[in-house]
Amino acid sequence: MTAIEAPADTATLEPTLRSARLRQLSASLHDSLETAVGAHAPFDSRESYGHFLQMQYLFQSELKGLYNDPELVKLFPDLPERCRADAALADLADLGLAVPAAVPGALHNPSVATALTWIRVSEGSKLGAAILIKRAQAMGLSETFGARHLAEPEGGRMRGWKAFNVIFDSLPFSPSEEADADQAAIDAFSRLQILLQHTYAARA
């Protein structure tokens with residue numbers, strides 16, 4: 001280094017964690033989804049909550065196969081226990097709601113990078129569920145009736161989220177797999193928007 005060169009900023013030289021990159025990439029989509037959900041006021045009435053629950057069930061049921069995929073479970077041994085499809089199905093039964101029919105366009109035969117990124121979107125929603133469960137409780141619902149899918153995971157929400165990201169960030173992805181993950185982060189939030197619009201369409 002010559003006398004006029006400034007020391008390198010080590011922070012800028014450190015690679016950005018995959019999870020941080022995907023969070024930044026999907027931030028606007030996440031915010032847009034939150035706004036769309038809020039516009040439907042799912043916690044103002046049980047009727048509206050029912051549509052929200054059906055959306056949650058559809059998304060979770062589409063990912064159930066991934067949560068139980070043997071190859072992915074090798075990477076995340078607790079993956080099957082993280083799945084909330086059965087909890088959402090039980091919530092529908094609690095409230096006497098019909099199980100919605102599958103909506104065309106579900107994720108099909110994804111790469112590992114794509115599958116894990118979709119799962120990560122699902123896992124991230126558990127953090128926001130900490131607020132949603134309180135609103136559900138104000139409606140007379142609970143972790144054992146009607147709002148099971150919003151319940152706090154064993155060991156805590158943040159602990160489970162951090163544990164998932166530690167493994168997710170450590171996996172060796174090729175450049176094409178990184179690109180798959182980027183696209184998957186966008187596609188997963190877009191899918192949630194589609195399912196939200198679908199389940200509230202009948203109400204409109």
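Helix-only mean residue ellipticity at 222 nm, the chain, DSSP H runs n ≥ 4 weighted -39,500 (n - 2.57), per residue, nearest 500. What is it?
Taking each H run of at least 4 residues, the total per residue is -21000 deg cm²/dmol.
Nothing charged except the Cβ atoms of Lys and Arg (+1) and of Asp and Glu (-1): what's the magnitude of the dipole of region 8-91 about its Cα centre? Round to the nearest 20 debye.
Dipole of region 8-91, to the nearest 20 debye: 120 debye.
Among Pro80, Ser176, Thr114, flag the residue with its Cα farthest along the positive direction of the charge dipole of the chain, charges on Cβ as +1 for Lys/Arg and -1 for Asp/Glu.
Pro80
Assign unit charges at the C-beta atoms only (+1 for Lys and Arg, -1 for Asp and Glu), then state the dipole size of the chain relative to its Cα centre in Debye, rounded to the nearest 20. Present the calculation step by step, with values, prior to reporting the outcome.
Details: 18 positive and 25 negative charges, 110 e Å.
Magnitude of the dipole: close to 540 debye.
Less than 14 Å apart at the alpha-carbon level, and either on another chain or at least 8 residues along: which aspartates and glutamates does that give for Lys134?
Asp44, Glu143, Glu152
Assuming a ≥ b ≥ c are the square roots of the Cα gyration tensor eigenvalues, decide whether region 23-67 counts as rounded (a/c under 1.5), prolate (otherwise, with a/b larger than b/c) or oblate. Walk me through the numbers on the way to the answer.
Details: a/c = 4.12, a/b = 1.10, b/c = 3.73.
It is oblate, given that a/c is not under 1.5 and a/b is not larger than b/c.
Would you mind telling me which residue in Ile167, Ile186, Ile194 has the biggest mean-square fluctuation in a Gaussian network model of the chain, where springs connect alpha carbons within a distance under 10 angstrom?
Highest fluctuation among the options: Ile167.
Please state the shape class of region 47-175: rounded when a/c is under 1.5, otherwise prolate if a/b exceeds b/c and oblate if not, all from the C-alpha gyration tensor.
The shape class here is oblate.
Mean separation of Cα pairs under 8 Å and 6+ residues apart, divided by the residue count of region 42-201: what relative contact order is that in percent?
32 percent
Within region 20-45, what residues put their amide N at less than 20 Å from the label point 7 Å along the Cα-to-Cβ vector of Val103?
Label zone hits: 26-45.
Each reported figure results from applying straightforward, stated rules to the coordinates on display, with no laboratory input. On a predicted model such as this, the values are computed, not experimentally measured, just so you know. Please note: Cβ atoms are built from the backbone with ideal geometry, for glycine as well, and neighbour counts cover all protein chains shown.
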